[in-house]
Structure formats: structure tokens, C-alpha cells
Amino acid sequence: MQCCLKEQLSPFSMKEAPRLNLAHLPTPLQLLPSISEQAGRNIWVKRDDLTGFSISGNKVRKLEYSLAKAKQEGADVVITCGGIQSNHCRATAILGAKLGFKVHLLLRGDEPEQPDGNLFLDQLAGAEISYFAKRYYQAHLDFIAEETCEKYRREGRKPYFIPTGASDAVGVWGYANAAAELKEDFARLEIQPEHILCATGSGGTQAGLTAGVVMHRMPAQVTGYAVCDDEAWFVNKVNTDIHDWIEEYELDLDLGSLDIRVRDAYIGEGYAIAGKAVFDTITQVFRSEALLLDPVYSGKAFYGMLTDISEGKIEGEGDIVFVHTGGAFGLFAQRQQWQKSMG
Ligand SMILES: Cc1ncc(COP(=O)(O)O)c(C=O)c1O
């Protein structure tokens with residue numbers, strides 16, 4: 001892993017976006033032969049679960065930019081937030097430690113007796129962790145974040161706050177560039193997928209992909225499978241992130257009327273709660289393709305995709321690309337739920 005700060009000037013931008021090389025790129029694009037045969041349609045998977053091992057998943061592409069900005073601004077403390085099993089917080093904790101930042105995580109939920117999955121890795125990485133009751137966190141996140149930053153400023157330190165999922169103007173770069181990587185994959189494999197699908201949890205991955213396909217003139221439709229909030233919320237969030245990004249980096253891009261598509265039919269009982277059908281999909285995909293999905297993000301989205309294909313809800317007959325955004329550590333924290341679902 002090279003960690004030197006690169007000043008990167010995009011051909012579309014008047015302003016530099018500093019970047020660190022933290023992810024193993026390019027990630028493979030692989031056909032899922034068995035699932036494709038069952039679905040009657042070619043399904044490819046972009047293996048962003050392989051951006052690393054302990055720092056795996058979609059967040060690494062975004063953190064290449066967020067942590068570079070923190071470094072550029074001279075920060076010595078990185079503060080971020082999320083659920084108890086946040087993949088984003090885990091990636092930030094590990095990368096932050098490696099880069100020499102103190103990392104402080106603001107987590108939604110009570111401290112469990114036994115840390116598992118991502119939370120265990122947060123602790124292993126030495127992050128300071130503050131736990132907040134769900135309701136309090138949801139109502140007061142901005143205040144909590146500001147208070148925490150202020151505490152460090154009073155101590156003479158320089159905090160840098162990364163919002164939920166690194167989904168902001170800075171983080172959009174991660175998946176705008178991933179779209180360019182996909183374009184190269186498509187050319188090499190001589191395929192022309194009509195759809196690019198991903199799980200959507202805080203919107204940044206979808207925002208980057210949506211902007212990226214326009215930026216790189218790719219004839220593919222991006223659709224996000226919501227795992228928490230509804231379609232209206234995510235359309236607004238993705239739109240806001242893209243417009244903030246254009247403004248922040250003075251991008252010379254005409255996005256026309258952006259087609260932001262969100263499917264919110266598969267959230268089920270709520271964030272991080274997966275039903276039997278999702279666990280069955282995780283089991284089936286693991287056993288037939290050796291591909292590990294998680295119950296919070298990739299498994300839910302994958303289940304949604306397969307259901308939509310079977311119901312004819314994904315237009316056309318062309319190839320589909322599923323962006324595997326990672327999340328495997330979250331599966332370990334739900335081993336009991338999986339066992340229960342198996343009956
Ligand atoms: C494994 C995984 N997949 C997908 C997502 C959703 O990505 P985004 O937050 O960019 O919408 C997240 C985080 O929220 C995640 O941790």
C-alpha cells in the first residue's frame with residue numbers, strides 16, 4: 001500500500017482532489033456463471049469486496065480522498081460515525097491508524113458485551129469509541145459530531161470529520177473513478193452492460209457511479225438498492241452529493257437531468273435486519289459462486305436484484321453488473337440470525 005499524497009487534477013476539474021493510494025485497484029470484474037444461468041441473464045460482479053482484506057469494501061475508494069483531504073488540511077484526529085457494525089468506521093479505524101491519525105468513532109447503539117465483526121476490528125485498530133443510544137444519535141448526530149470536534153480543538157488538536165459513509169462531495173470521487181475503471185473492464189472483456197447495480201446505504205457509492213457514467217459517457221443505467229431510507233430520501237441525497245461535488249471541485253460537467261434510480265422494496269423490517277430470503281440468497285451465492293455477501297448491504301441488494309430480474313423489472317436483456325461493496329465482517333456478527341434462518 002502506497003500512502004503518498006497525490007495531487008490529482010481531473011480533465012473535468014479546475015480544482016485538485018488530493019488522493020492516497022489505499023485500495024488494491026483495479027478490482028476484478030467476474031461473471032457469475034451459475035447465478036447467471038439461473039437468472040437467464042449475464043450477471044457480472046465488480047469485486048470491490050477485494051479492495052483489501054481488513055480494509056476491504058467500497059469505503060476504501062472514498063477514503064482515498066477523504067483521508068487525503070484530512071492529511072492536506074493538517075488534521076491529526078479523524079472523527080467519523082455509523083452503526084455498531086459500520087464497515088465505513090472499521091475501514092477508517094484501520095486506515096487512520098496506519099496513516100498516523102488518532103481515530104474517534106461515534107457509534108449508534110449500545111456497547112455489546114462481546115465485540116464482534118467490524119466492532120472487534122475497530123477495537124483492534126485502537127480507535128477511541130463513543131456509543132450513543134439510537135434515538136439520541138439519530139436526533140443529535142450533528143451536535144455530537146461538532147461537540148467531539150470542539151473537544152479536540154480545545155486540546156489544541158486538529159480534527160477532521162468524515163460524515164456517514166464518507167458520502168459527501170469529497171467521497172464522490174471514489175466511485176466516479178470506479179466508473180472509469182468499469183469502462184476499461186467493459187472494453188477489455190468486450191461487453192456492454194446495460195445496468196450497474198449496488199447497495200445504497202448513505203448514497204455516496206451510487207452518487208459516484210451515477211456521475212461517473214455521465215462523465216465517462218457510458219451507456220449504462222445505475223440503480224441503487226436502498227437498505228435503510230426510502231427512494232425519495234436517497235434520490236435527494238444522491239443528487240445533493242453530486243451537485244456539491246460539482247460545485248466544490250468546479251467541475252465542467254453537464255449532467256443534464258440526472259436519472260437517479262433507487263429501489264426501496266427490499267429494505268424489509270429495517271436497516272441491518274435481514275429476512276430468511278436474504279439469508280437464503282447469501283447461502284446460495286456462497287455455495288454456488290464462492291462469493292460472500294452480507295445481510296446488511298450486499299446480500300439485501302443481491303436478493304433485490306435477483307427478484308427484480310425474475311419479475312422482469314430490470315429492463316432489457318443485456319448484461320448486468322453488480323458492484324460488490326463488501327461487508328463480510330458484518331456477516332460474522334449475524335451468525336445466529338443465519339443459523340435461525342436455516343431452521
Ligand atoms: C458493505 C457496504 N455496502 C454498501 C454500502 C452502501 O454504500 P453507500 O454508503 O455509499 O451508499 C455500505 C455503507 O453504507 C457498506 O458498508
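Readers should treat all values here as calculations from the given coordinates under stated rules, not as data from a laboratory. Note that the structure is a prediction, hence the values are computed from the model and not measured. All Cβ positions, even for glycine, are placed from backbone atoms using ideal geometry, and neighbour counts span all protein chains on display.
Shape descriptor for the chain: Rg over Rh equals 0.95 (Cα atoms; Rh from the Kirkwood inverse mean 1/r). With helices as the sole contributors, the chain gives -13500 deg cm²/dmol at 222 nm; each DSSP H run of n ≥ 4 counts as -39500 (n - 2.57), and the sum is divided by every residue.
For Val45, the amide hydrogen comes within under 5 Å of the amide hydrogens of Gln30, Leu31, Leu32, Phe322, counting only partners 5 or more places away or on other chains and with H modelled in the peptide plane. Remark on Val227: its backbone amide H falls under 5 Å from those of Thr200, a criterion applied only to residues 5 or more positions apart or on other chains, H modelled at 1.01 Å from N.
Do any chymotrypsin sites (Phe, Trp or Tyr not before Pro) in region 248-308 lie in a DSSP loop with no more than 16 other beta carbon atoms within 10 Å, and if so, which? Passing both the DSSP loop test and the Cβ count: Tyr271. Each Lys and Arg adds +1 at its Cβ and each Asp and Glu adds -1 at its Cβ; summed about the Cα centre, region 186-343 shows a dipole of about 900 debye. Evaluated over region 60-166, the count of Lys pairs having alpha-carbon atoms less than 13 Å apart is 5 (only pairs 8 or more residues apart or interchain).
Taken over region 82-167, the alpha-carbon convex hull comes to 90 cubic angstrom per residue.
Count neighbours as other Cβ atoms within 10 Å of each site's Cβ, and list the trypsin sites (Lys or Arg not before Pro) in region 166-257 that are DSSP loop with at most 13 such neighbours. Numbers along the way, then the final one.
Numbers: sites: Lys183, Arg188, Arg217, Lys237; in loops: Arg217.
Counting only loop positions with at most 13 other Cβ atoms within 10 Å, the trypsin sites (Lys or Arg not before Pro) in region 166-257 are Arg217.
The lysines whose alpha-carbon is closer than 21 Å to the alpha-carbon of Lys276, local same-chain residues fewer than 8 away aside, are Lys300, Lys340.
How long are the semi-axes of the equivalent ellipsoid of region 119-188, taking √(5λ) for every eigenvalue λ of the Cα gyration tensor, in whole Å from largest down? Walk me through the intermediate numbers first.
Values: eigenvalues 214, 47, 43 Å².
They are 33, 15, 15 Å, listed largest first.
The convex hull built on the alpha-carbon positions of region 258-343 has an orientation-averaged projected area of 6.6 nm². In straight-distance terms, cross-link reach from Lys183 covers every one of the lysines whose alpha-carbon lies under 16 Å from its own, apart from those fewer than eight places away in the same chain; here that gives Lys46.
Give a quick list of trypsin sites (Lys or Arg not before Pro) in region 103-180 that DSSP marks as loop, anything other than H, G, I, E or B, with at most 16 other Cβ atoms within 10 Å. Can you show the working numbers first?
Details: sites: Arg108, Lys134, Arg135, Lys151, Arg153, Arg154, Arg157; in loops: Arg157.
The qualifying sites are Arg157.
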